[in-house]
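The values are calculated or read from the model by the stated rules, or taken from the named source; none is laboratory data. Because the structure is a prediction, the values reported are computed rather than measured. Using ideal geometry, Cβ is built from the backbone for each residue, glycine included, and neighbour counts are taken over all protein chains shown. Surface areas here come from the heavy atoms of the whole protein model, side chains and all, with no ligands, DNA or RNA. Shrake-Rupley method; radii C 1.70, N 1.55, O 1.52, S 1.80 Å.
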Amino acid sequence: MYGLGILKGLSVTLKHFVNTYVDDIKWGFAKRYTPEALLVRQSAEARGVFTVQYPEEVLLPQERFRFVPFLVYEGTDEDRQYRCTACGICAKACPPQCIWIVRAKDPETGKPLRRPAEFYVDIDICMNCGSCAEYCPFDAIQMDHDFELADHDRETAHIHDLQRLGKPVEYYAKIRPTYYAAEQEAKAAKAARAAKAKAARRKDK
Amino acid sequence: MNEQVAESEGVQLDAAVGSVEQASQALREAFPGKVRPDEREGYEGVIVDADALVDAALFLRDQLGFRYLSSVTGVDYANDGLLESVYHAYGAESGALVFKVQVGCGNPEIPSLVSVWPSANFQERESYDMYGIRYAGHPNLQRILTWEGFAGHPMRKDWREPYYEEEHKPFKTRHPDGGVFRAEDRNPFGRNVQYSPGFDPAKWEDIAQSAVYDGLMREVKEEGLQTETITVNVGPQHPSTHGVLRVVVVLDGETVVDLMPVLGYLHRNHEKIGERCTFPQIIPYTDRLDYICSMSNGLGYVLAVEKLIGIQPPERAEYIRVIMAELTRIVNHLMAIGFLWNDVGAYFTPVIYAFNERELILDLFEMVSGSRMMCNYMRVGGVFEDLPAGWMEKARALVYDRLPRFVDEFHRLLSENEIWRSRSMGVGILPAEQAVAMGASGPLLRASGVPYDIRRVEPYSIYDRFDFDVVVRHNADVYDRFLVRMEEMRQSLRILRQAMNQIPAGPVQTGKKNWTMKVPAGEAYHRIEAPKGELGFYLVSDGGSNPWRYHVRSTSMINLTPLAEMCRGHKIADVVVILGSIDITLGEVDR
């Protein structure tokens, strides 16, 4: 019969339509729009409505999610101890070359120091590839999770300087917990090895 | 050898050919003095004299069975003052026979091979545009990706882009005294445009446009009502062109008389950018070619680099790569079918259902790579990082349970719909011979009845370990292309299930990852079966850390070659459907 194929197809849309209400009832209308429900709504178990009501609801990014780099610093906001040593690997590795670094110099001797005096990322050019974070030997530059960067002015807001790039290590630990844990573990192991070696040397003496 | 050759004469697409070495031997014997082996270190194939090229090509096609010309591209060996045109031809079951023609930079002219392999059409135009190699006898040798007022040929080594800084990255201005600047401040708008000598934009008359129109066929009616044909531009801004593609159509009433795609609106000189970069720096740029299938693009590129270096990734990385590539295939086919239905007029119901599933797969991509579309996940010698905890469970839930059910449901929703069948059956016929001659690949080729899948013919990575069917259908119309994609999703799921069961533990990277690497001098061409078809990467290294030549054999662009052939005689509304059935991404067409 002509039209049977269309009816068959429409049965699928009808199923989808009904499923939205099944979901509503299952979750008890209001609760469907809670953070817990959101995780189910956007998962392999999802049956009914799939959409997210942004900006009221925001999907949490995955841990590896990457969006424009930031610089990790230890210490407080007033006294920032950047992990960055201004070695310049990120600036070299960056495919679109959007990182600019001025290495700090000793004011008296003029010798280069292991920290940046200035650090810029032009986020108009940055393509969020994550190469800088991947190749940084000091875990000093990391990719951010904050993707809501809309601005009114391209001229001033889109070149991030040291002040803007810096974020505390606690923030890094929050957005990338497994990476931070692994890093701390490696550091602890290294410190333990160093202490052991030191003790052994002392014994030799 | 010659008897063997004589026997294979006249056999159609499945002509059995000996090995590539035998073929190149036969070619050298047939054209003594005109064809000589390429003896440069790390190079393969033969160099053909320009005056013997067409005869040699005919011999290759008709006597030796190399019916499929995969790639044509130019290379600028500026140091030797030579321009080279490189061809990669394939037989039904053979590897690539590489042949090259060298000409001096001064007056580069090479006979065109469009008459032998029509698939050379767009590619020779591209090579002309990028390198200025003139292909004598080409039916329509115009610029294809840039415009006619463009100064110079952008892939020549002496050509410099408006925001030129240095030959190679990394640029010296960035560190240790990286005073920040914007490229557009140094070279503001108005000064950043170059014109070719003698070109005055104020006096410019758009002859190329009228040439496009004049180049199209007109119907001359002998009898009946005398009517005029009309020329219609579909695009560059048109919802059905999936991006910025312009299709010039000559219409007689509503019937298509002739048609020509006009490309280049999204051209960004991807290959030049690549040649400025170090080898690993190119990987994130490949994501932006076919932005729907970034994982496959990255895979094709790293395989080409690995071929050049001669390294193998670890087992686990191979499996992860296959899993990602097949998930990408599902994503692509979901979108291709969804948007094909949009083109027919089923506005957004199928595509949104497909997007639900795509969304879940993109979540998996975000988990492993950190990004949903611009994955940047493949690395030379492995992958970016191992699968995170919980990834496999999520993926299994999809691959074993949800996606198979969805594909069935999608079938129920679409396949038997009478409106769809009447719009797609018998529309856009592309016979097998033409599909092969015009360089069609992927689902487009397999729907024309040619069971050609690179995963099977020339297995790369670890595809030889999996059990899967090469989907092929024989009606060569839009409906069959749709069904081929539907079935390929099932086959991808099959591969995924096997890969997920077999995946071993272990490292995911050989050697140390680095942002730069020295690559031995030589050339390599690697092609993969990307979701849209044959995606090839041609690399030439001079032994440094940047490629001397980086070329992308763009699936989408070459699949557009048969568009006119498929559309002639159909209604204008069918053009949209046929274009949708080819499945193009403009990021890859224009590069």
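Exactly which GluC sites (Glu not before Pro) in the stretch A:78-177 are in a DSSP loop and have at most 14 other Cβ atoms within 10 Å? List each step's numbers first, then the result.
Numbers: sites: A:E78, A:E108, A:E118, A:E134, A:E148, A:E155, A:E170; in loops: A:E78, A:E108, A:E148.
Listed in order of number, the matching sites are A:E78, A:E108, A:E148.
Suppose a student asked you for the relative contact order of chain B, using Cα pairs under 8 Å spaced at least 6 residues apart; what percent would you report?
16 percent
Please give the total accessible area that chains A and B bury against each other, computed with a 1.4 Å probe and expressed in Å² to the nearest 100. Provide the component values of the computation, followed by the final result.
Numbers: alone 14450 and 23680 Å², together 33470 Å².
Answer for the A-B pair: about 4700 Å² buried.
Give me the dipole magnitude in Debye, nearest 20, for the stretch B:466-584 about the Cα centre, with unit charges on the beta carbon: positive for Lys and Arg, negative for Asp and Glu. Each step should come with its number before you reach the end.
Working: 15 positive and 13 negative charges, 86 e Å.
Here the stretch B:466-584 has a charge dipole of around 420 debye.
Sequence neighbours fewer than 8 away in the same chain don't count; with that in mind, list the lysines whose C-alpha is under 28 Å from A:K8.
A:K26
Would you rank A:E183, B:E161, B:E222 by solvent-accessible area, highest first, keeping every protein chain in place and using a 1.4 Å probe?
Greatest to least solvent exposure: B:E222, B:E161, A:E183.
Is the C-alpha gyration tensor of the stretch A:1-152 telling us rounded, prolate or oblate? Criteria: a/c under 1.5 is rounded; beyond that, a/b larger than b/c is prolate, otherwise oblate.
prolate
Counting other Cβ atoms within 10 Å of each Cβ, which chymotrypsin sites (Phe, Trp or Tyr not before Pro) in the stretch A:1-74 have at most 12 and sit in a DSSP loop?
In loop regions of the stretch A:1-74 (DSSP not H, G, I, E or B), the sparsely surrounded chymotrypsin sites (Phe, Trp or Tyr not before Pro) are A:Y2.
Mind scanning A:K174/B:K512; A:K92/B:K513; A:K92/B:K172; A:K92/B:K512 and naming the pairs with a C-alpha gap bigger than 19 Å?
Those over the limit are A:K174/B:K512.
Report, in deg cm²/dmol and to the nearest 500, the calculated mean residue ellipticity at 222 nm for chain B, where each DSSP H run with n ≥ 4 adds -39500 (n - 2.57) and the sum is divided by the residue count.
About -10500 deg cm²/dmol.
Say the dipole of the protein assembly as shown comes from +1 at the beta carbon of Lys and Arg and -1 at that of Asp and Glu; which of B:L27, B:A52, B:N356 then lies farthest toward its positive end?
Final value for the positive-end residue is B:N356.
For chain B, with only Lys/Arg (+1) and Asp/Glu (-1) charged at the beta-carbon, what is the dipole magnitude about the Cα centre, in debye rounded to 20?
1700 debye
Using only Cα atoms and rounding to the nearest 10 degrees, what angle (0 to 90) does helix A:4-27 make with the longest principal axis of chain A?
Around 60 degrees separate the two axes.
Where the only charges are on Cβ atoms (+1 Lys, Arg; -1 Asp, Glu), what is the dipole of the protein assembly as shown about its Cα centre, to the nearest 20 debye?
The dipole of the protein assembly as shown has a size of about 3280 debye.
Using helices alone, what [θ] at 222 nm do you get for chain A, with -39,500 (n - 2.57) per DSSP H run of 4 or more residues, divided over all residues and rounded to the nearest 500?
-12000 deg cm²/dmol
Residues with beta-carbon under 12 Å from that of A:Y21, excluding A:Y21: net charge, scoring Lys, Arg +1 and Asp, Glu -1?
Overall, the nearby charge balance is +2.
To the nearest whole number, what is the average tally of beta carbon atoms from other chains within 10 Å of the beta carbons of peptide A:124-131?
Mean partner shielding for this stretch: 5.
Across the stretch B:137-147, in residue order, what do the Karplus-derived ³J(HN,Hα) couplings come to in whole Hz, using 6.51 cos²θ - 1.76 cosθ + 1.60 with θ = phi - 60° and x for Gly and Pro?
x, 5, x, 8, 7, 10, 4, 10, 9, 9, 9
When a/c is below 1.5 the answer is rounded, else prolate if a/b is larger than b/c, else oblate, so apply that to chain B with a ≥ b ≥ c taken from the square roots of the Cα gyration tensor eigenvalues.
The shape class here is rounded.
So what's the net charge close to A:R83: Lys and Arg +1, Asp and Glu -1, counting the other residues with Cβ under 13 Å from its Cβ?
+2
Hey, can you grab everything whose amide H is under 5 Å from the amide H of B:R553? Only 5+ residues off in sequence or another chain; H modelled, so Pro and N-termini drop out.
Result for B:R553 returns B:G536, B:F537, B:Y538.
Taking only C-alpha pairs under 8 Å that are 6+ residues apart, what is the relative contact order of chain A in percent?
Result for chain A is 19 percent.
Mind listing the long-range amide H neighbours of A:F119? Cut-off is under 5 Å, sequence gap 5 or more, other chains count too, H placed in the peptide plane at 1.01 Å from N.
Sorted by chain and number, the residues that satisfy this are A:V102, A:L162.
Enumerate the amide H contacts of A:F67 below 5 Å, restricted to partners 5 or more residues apart or on another chain; note that Pro and chain-start residues carry no placed amide H.
Under 5 Å from the amide H of A:F67 lie the amide H atoms of A:D144, each far enough along the sequence or on another chain.
Below 8 Å between Cα atoms, with a sequence gap of 6+, how large is the relative contact order for the stretch A:1-79 in percent?
Over the stretch A:1-79, the number comes to 23 percent.
Take B:A151 and A:E56, extend 7 Å from each Cα along the Cα→Cβ direction, and tell me the distance between the two endpoints in nm.
5.6 nm
Which residue, chosen from B:L535, B:W204, A:F65, occupies the Cα position most advanced towards the positive end of the dipole of the protein assembly as shown, where the dipole is computed from +1 (Lys, Arg) and -1 (Asp, Glu) charges on Cβ about the Cα centre?
Most positive-ward Cα: A:F65.
Quick check on packing: order B:124-136, B:193-205 by the mean number of other C-beta atoms within 10 Å, highest mean leading.
So the order, starting with the most tightly packed, is B:124-136, B:193-205.
Give me the extension gain from B:R396 to B:K203: residue separation times 0.36 nm, minus the current Cα-Cα distance, reported in nm with one decimal.
Contour length minus Cα-Cα distance gives 63.2 nm.
Please give me, ordered by residue number, the chymotrypsin sites (Phe, Trp or Tyr not before Pro) of the stretch B:226-330 that lie in loop per DSSP and have at most 16 other Cβ atoms within 10 Å.
Here the chymotrypsin sites (Phe, Trp or Tyr not before Pro) that fit, given the DSSP loop and packing criteria, are B:Y291.
As I understand it, the dipole of the stretch A:88-205 uses +1 on the Cβ of Lys and Arg and -1 on the Cβ of Asp and Glu, about the Cα centre. Which of A:I159, A:A182, A:Q142 lies farthest toward its positive end?
A:A182
Give me the number: length gained by fully extending B:A50 to B:E109, i.e. 0.36 nm times residue separation minus the C-alpha to C-alpha distance, one decimal in nm.
Here the segment from B:A50 to B:E109 would lengthen by 20.4 nm.
Averaged across the residues of A:1-14, what count of C-beta atoms belonging to other chains lies within 10 Å of each residue's C-beta?
Values: counts 1, 1, 3, 3, 10, 5, 3, 7, 14, 3, 3, 9, 4, 0.
Mean shielding by partner chains, rounded to a whole number: 5.
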